[in-house]
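> Mind looking over this structure? Questions follow.
Each value in this text was obtained by applying a stated rule to the coordinates, not by laboratory testing. Remember, predicted model here, so these are calculated numbers, not experimental data. Please note: Cβ atoms are built from the backbone with ideal geometry, for glycine as well, and neighbour counts cover all protein chains shown.
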Amino acid sequence: MTPAKLGYRMPAEWAPHAATWLSWPRPDGISFPDRYDEILPTLGKLVRALAPHERVNINCRNEEVEEIARKTVGKTPNVRYHRNPSYEPWCRDHGPIFVKRGKNLAIVDWGYNAWGGKYPPFDDDDAVPVRIAEQLGLPLFQPGIIMEGGSLDVNGRGLLLTTEACLLNKNRNPKLSKKQIEQYLKAYLGVTSVIWLGDGIVGDDTDGHVDDLTRFVNVKTVVTVVEDDPDDANYAPLQDNLERLRETGLRIVELPMPGCVEYDGQRLPASYANFYIANNVVLLPTYRHKQNDRRAAEILQKHFPTRRVVSIDSTDLIWGLGSFHCLTQQQPA
């Protein structure tokens, strides 16, 4: 039987967490070419911001990676290290998706192919949910299709956000129709309705993950990024997504974009929508755009009145084409 038929559903990210899972990057990985040492301080800040509020579980590929992680994090309490190897650090996409029924948890293990086979090998990343399910002694559901955690967002009350650009891309599940993909989402995550947005932002190698675009901040409200400059390449696709959202009946709050963030002439997918909601805090990536960094923090703080919005500079980290939400995966309490 599927999780939905057994009464499981995926909680919203703001529901209480038992822990956050991370996969620590390896020095010889492809995510941070020539800049590995530069991103370590940002990862340290991320862990130290989370650990006072919930346990932080860090997957480490080997002893060398664990030693780097321990040195970076320091003697921060409430951090545990696990020998769960992965090639890259994007735990949102290769990590376990937790579903809940009453007080009971289970794990949905979607297939993972490194965003359409772009970055082989990825067999170790794909195996992470199975390893964690075994370690935690949790039931494991395997739908048998490709799906990444960053491609979806739920409100915990039946609604799911995703994008056509990603889920309908032929490099994921070419034999499945839109209707069939919806059926999988409903059967394995316990949702009842799927909201489809269009394209992602420039520089996003995931083919348009929704966690760079639009996020639920409560059951009936979403924040969605918009670009103010009509000449910017992100302007038109973000306007299209905004129009689609206006047809849903949800309350819509607009978030600014941080402008064009580049490195070596490459446009990077910098977005304030890639925040992570944890117990008591919201971790917001910022990009050295003084005005819009502040605006984004103020907007989110208004919509998370019981949590403190913590801004952390993600300018170095975004060179890996992801930020705080891409790195994290919540384990519900």
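> Among the trypsin sites (Lys or Arg not before Pro) within segment 275-312, which fall in a DSSP loop and have no more than 14 other Cβ atoms within 10 Å of their own Cβ? Before the final figure, lay out the partial values.
On the way: sites: Arg288, Lys290, Arg294, Arg295, Lys302, Arg307, Arg308; in loops: Arg288, Arg307.
Sites meeting the loop and neighbour criteria: Arg288.
> Determine the calculated [θ] at 222 nm for the chain from helices alone, applying -39500 (n - 2.57) to every DSSP H run no shorter than 4 residues and normalising by the residue count; nearest 500 deg cm²/dmol.
After summing the helix terms and dividing by the residues of the chain, the value is -8000 deg cm²/dmol.
> Going through segment 225-262, which GluC sites (Glu not before Pro) have at most 12 other Cβ atoms within 10 Å and a DSSP loop state?
Details: sites: Glu227, Glu243, Glu247, Glu254, Glu262; in loops: Glu227, Glu247.
Those that pass, being in a loop and sparsely packed, are Glu247.
> A further question follows. How many Lys pairs in segment 17-332 lie less than 16 angstrom apart by Cα atoms, where the lysines are 8 or more positions apart or on different chains? Mind dumping the intermediate values first?
Numbers: Lys45/Lys71; Lys45/Lys75; Lys100/Lys186; Lys118/Lys170; Lys170/Lys178; Lys170/Lys179; Lys178/Lys186; Lys220/Lys302.
The number of close lysine pairs in segment 17-332 is 8.
> Moving on. With unit charges on the beta carbons (Lys and Arg positive, Asp and Glu negative) and the dipole taken about the Cα centre of segment 17-332, which residue among Leu46, Gly203, Thr221 sits farthest to the positive side?
Result: Thr221, furthest along the dipole toward the positive end.
> Also, I was wondering about something else. Using the beta-carbon distance between Lys103 and Arg267 and R0 = 51 Å, what value does 1/(1 + (r/R0)^6) give for FRET efficiency, to the nearest 0.05? Write out the running numbers ahead of the final one.
Values: r = 45 Å, r/R0 = 0.89.
Plugging the Cβ-Cβ distance into 1/(1 + (r/R0)^6) gives 0.65.
> For segment 91-192, run through the trypsin sites (Lys or Arg not before Pro) and keep only the ones in DSSP coil with at most 10 other Cβ atoms within 10 Å of their Cβ.
Values: sites: Arg92, Lys100, Arg101, Lys103, Lys118, Arg131, Arg157, Lys170, Arg172, Lys175, Lys178, Lys179, Lys186; in loops: Lys103, Lys118, Arg157, Lys170, Arg172, Lys175.
Qualifying residues, ordered by number: Lys103, Lys170, Lys175.
> Using Cα-Cα distances under 8 Å and only pairs 6 or more residues apart, what relative contact order does segment 17-332 have, in percent?
Working: 654 pairs, mean separation 59.8, N = 316.
The normalised contact order for segment 17-332 reaches 19 percent.
> Which whole-number percent of Cα pairs in the chain have a distance greater than 24 Å? Please list the in-between numbers first.
Working: 27997 of 55278 pairs.
I get 51 percent for the Cα pairs in the chain exceeding 24 Å.
> Evaluate the charge dipole of segment 178-314 about its Cα centre and quote only its size in Debye, nearest 20, assuming +1 on the Cβ of each Lys and Arg and -1 on the Cβ of each Asp and Glu.
Numbers: 16 positive and 21 negative charges, 197 e Å.
Value, rounded to 20: 940 debye.
> Please work out the Cα center distance from segment 32-64 to segment 170-206, rounded to the nearest Å.
That distance is 30 Å.
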